[in-house]
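For reference, the structure is listed below as structure tokens.
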Amino acid sequence: TSGPAPHRHQRQHQHQRRESVRSYARRGRLRRMTVDVLRRPALAERRARVAVAVLFFTNGALFANLLPRYPQIKADLGIGNAAYGLAVAAFPAGAIAAGLAAGALVRRYGSARVAVGGTLVTGAGILAAGLGGSVALFAGALLLAGAADAVTDVAQNAHGLRVQRRYGRSIINSFHAIWSIGAVTGGSMAAAAIALDVPRGPHLLFSSLLFVAAACVALRFCLPGPDGEPAEEDATPDHHDREPARGTPPCARTGYVLAALVLIATAGTVVEDAGNSWATLYLSDSLHASAALAASGYVALVGAQFVGRILGDRLVDRFGQRAVARSGALIAAVGMGLALAVPTVPGTVLGFAAAGFGVATLVPAAMHEADELPGLKPGSGLTIVSWLMRLGFLLSPPVVGLVADATSLRAGLLVVPLAGVIVLLLAGVLRPRRP
């Protein structure tokens, strides 16, 4: 009778182990199923995503309806280049003047309401700029529109990041891609109005009413309630390390990360401005390309940036923001560096395309990280990055111009590979791949 007992106990032990393994597997499957359910967006969250996309689209389309009207406004006002340049500079000046107020407005009224209110004021300012009968009215309206645009930019990004936290995966790059679609749509509307000899007043009144109405409808489907701390809304928190700041006090670490994020975002805007302000001029004057071909540099940069943002969310989810930023920075630095080292028209067009693709995710990534910095009030990090990024956007053209006057525009465009190098050095503050 003593012999079978150990075998019986052994069989019982093995049976218990098998049941434990099965139970553990079932718990694991249930846990994975629970996570999948939690990460699957509800109908309200999907509607909120569409609503934020509408806000980004309207923000891109509103100002783009005015830009092609600038030559006509300049001619009607009878002003010279200097007065025109000062008047147009009122838009970024207004953005810089009002940008720091965005965080406080978001905390008080909520990001969705502030974004829609800013859209309404932006539309009114753009309409007033188009109808202004004097330089003072034109500049004042642009100042108002620029201020409202800066507030709208922070608020719509804050709400987009709030929706992203509900989704549990990256979607912010798609919003910025939709902004590009809005800008192209607005510019196309203006071009069609000019071709059809539609006066500025009816054209800008129609576009402002259309896009303000779209933003008001979108407000109904945004996420309800106030904007809380990011950690409170994040269903899948990711406490990633920030390598360069280890061992430093929390305040110093936050300050270092915030400064690095500002530089990363500014690097992205500097590259974008190089395409906006200098690509056509460099190709036509320095490389003697035809007028039609010279415009392809800007088109290549914007088109590649759009593609990069469409692909950006999947790349970020798979490889992490840090790896995507470093890879993009390397593509931008090497691509534009080779184009400047061996200057040809096709190579330069490809260089601008590489630069646009490489920096496509930098501004959304910097805004995302800034919005989740510990120790800051909701919206503060996002506001600071957006404000200082715009300051860099304002200062970049004069710096490149000074270098171009002192040496050559080719030397001035070295700012593009330099921006890529800066991102390579600072990308450690961005989010790594999730384990």
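Brief remarks follow.
- When the Cα atoms of the stretch 130-193 are aligned to their principal axes, the ranges along those axes come out at 50, 27, 10 Å in descending order.
- Positive-end residue of ALA102, GLY379, ALA354, charge dipole of the chain with Cβ unit charges: GLY379
- Accessible surface computed residue by residue for the stretch 173-229, with neighbouring protein chains in place and a 1.4 Å probe, gives 49 Å² per residue.
- Of all stretches in the chain that contain no trypsin sites (Lys or Arg not before Pro) in a DSSP loop with at most 16 other Cβ atoms within 10 Å, the longest one is 247-432.
- Solvent-accessible area per residue, Å², over the stretch 40-141 with all protein chains present [probe radius 1.4 Å]: 42 Å²
- Extension gain (nm, one decimal) between ALA82 and VAL334, 0.36 nm per residue minus Cα-Cα: 87.0 nm
- Residue of PRO397, PRO41, PRO71 that the Gaussian network model of the chain assigns the largest fluctuation, springs spanning Cα pairs under 10 Å: PRO71
- Adding -39500 (n - 2.57) for every DSSP H run of four residues or longer, then dividing by how many residues the chain holds, sets the calculated 222 nm ellipticity at -25500 deg cm²/dmol.
- Where the stretch 256-345 is the region considered: accessible area per residue in Å², 1.4 Å probe: 41 Å²
- Between TYR109 and LEU414, the C-beta separation translates, for a Förster distance of 41 Å, into a calculated FRET efficiency of about 0.40.
- Carbon + sulfur, % of accessible area of the chain - ligands and nucleic acids excluded, 1.4 Å: 67 percent
- Per-residue extension of 0.36 nm, minus the Cα-Cα distance of ARG314 and VAL217, leaves a gain of 32.0 nm for this segment.
- Cα-based Rg / Dmax (Å) for the chain: 25.5, 114
- Put simply, the Cα atoms of the stretch 98-206 extend 48, 28, 16 Å along their principal axes, the longest span coming first.
- Note on the chain: GNM, Cα springs under 10 Å; of PHE319, PHE211, PHE393, the largest mean-square fluctuation is that of PHE319.
- Point-charge dipole on Cβ atoms (K/R +1, D/E -1) for the chain, about Cα centre, debye to 20: 2600 debye
- Long hydrophobic helices in the chain: the complete DSSP H runs spanning 24 Å or more by Cα along their own axis with mean Kyte-Doolittle hydropathy of at least -0.5 are 43-64, 111-131, 135-167, 172-195, 200-219, 250-273, 296-319, 321-341, 380-406.
- Site pair VAL399 and LYS377 shows an inter-label distance of 3.0 nm when each label is modelled 7 Å from Cα along Cα→Cβ.
- Residues of the stretch 384-427 with an amide N closer than 13 Å to a point placed 7 Å from the Cα of SER277 along the Cα-to-Cβ direction: 390-405, 412-416.
- Debye-sum result for the stretch 295-422 in log10 I(q)/I(0), which assumes one identical scatterer on each alpha carbon, at q = 0.10, 0.11, 0.18 Å⁻¹: -0.36, -0.43, -1.05
- The gain in end-to-end length when the LEU196 to LEU43 segment is fully stretched comes to 50.9 nm, 0.36 nm per residue minus the alpha carbon separation.
- Taking a Cβ cut-off of under 13 Å around GLN72, the surrounding Lys, Arg, Asp and Glu residues balance to a net charge of +1, with basic ones at +1 and acidic ones at -1.
- Among LEU223, LEU362, LEU137, the residue with the largest mean-square fluctuation in a Gaussian network model of the chain, with springs joining Cα atoms closer than 10 Å, is LEU137.
The values are calculated or read from the model by the stated rules, or taken from the named source; none is laboratory data. Keep in mind the model is a prediction, meaning the values are calculated, not measured. Positions of Cβ are backbone-derived with ideal geometry, glycine not excepted, and every protein chain shown enters the neighbour counts. All accessible areas refer to the heavy atoms of the entire protein, side chains included, with ligands and DNA or RNA removed. Shrake-Rupley method; radii C 1.70, N 1.55, O 1.52, S 1.80 Å.
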